[in-house]
Amino acid sequence: MPVCEWHERCEDRTSSLKTDFQHLENEQQLEALLEASHASPQFVFKHSTRCSISSMALSRFEKGQPHESMPKAWYLDLISFRQISNALSEVSGIRHESPQVLLFHEGKCIYHASHLDIRPEELAAAAQAC
């Protein structure tokens, strides 16, 4: 039985979002994300499918996002892929939170926000400054 309705429809849900998320599910994808950040900024939206605050933050993110100016987007389901979240914390030096957004440029985390401090306009501005 699925953990919740959100979890059951995770793939379908993210495919219907305005953001073109690529799912981050393994260490090879994390390495590819970090490598790609040398060419262009990349961000990860870390989402807990069991947390109503995380769902609200994702919804607010979607509503306020200036989509044309956003960097490459990755979606991390923390419940299913906690080990990737741990690896992100190790690589970035940023303590794990949920929900959380991490922006990478040239292999380093240059911006992060969590919970209701996640603001797409700030993420876009940080990416544009690269």
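In the range 111-119, is there at least one residue being touching a Ser or Thr at 6+ places or on another chain (Cβ under 8 Å) and modelled with pLDDT under 95? Spell out the reasoning first.
Of all residues in the range 111-119, those touching a Ser or Thr at 6+ places or on another chain (Cβ under 8 Å) come to 112, 114.
Checking which are modelled with pLDDT under 95 leaves us with none.
No, because not a single residue in the range 111-119 is touching a Ser or Thr at 6+ places or on another chain (Cβ under 8 Å) and modelled with pLDDT under 95.
Restricting the search to the range 56-105, which residues are aromatic (F, W, Y) and within 17 Å of L33 (Cβ to Cβ)?
Initially, the range 56-105 is screened for residues aromatic (F, W, Y), giving 61, 74-75, 81, 104.
Listed by number, the residues that qualify are W74, Y75, F81, F104.
I need every pair where a residue in the range 20-31 that is touching a residue at least 40 places away in the same chain (Cβ under 8 Å) has its Cβ under 8 Å from the Cβ of a residue that is in a strand (DSSP E or B) and small (G, A, S), sequence separation at least 6 or different chains.
Taking only residues 6 or more apart or on different chains, the pairs are D20/A73; F21/A73; Q22/A73.
The values are calculated or read from the model by the stated rules, or taken from the named source; none is laboratory data. No experiment lies behind these values; they were computed from the predicted model shown. Note that each Cβ is placed from the backbone with ideal geometry, even for glycine, and that neighbours are counted across all protein chains shown.
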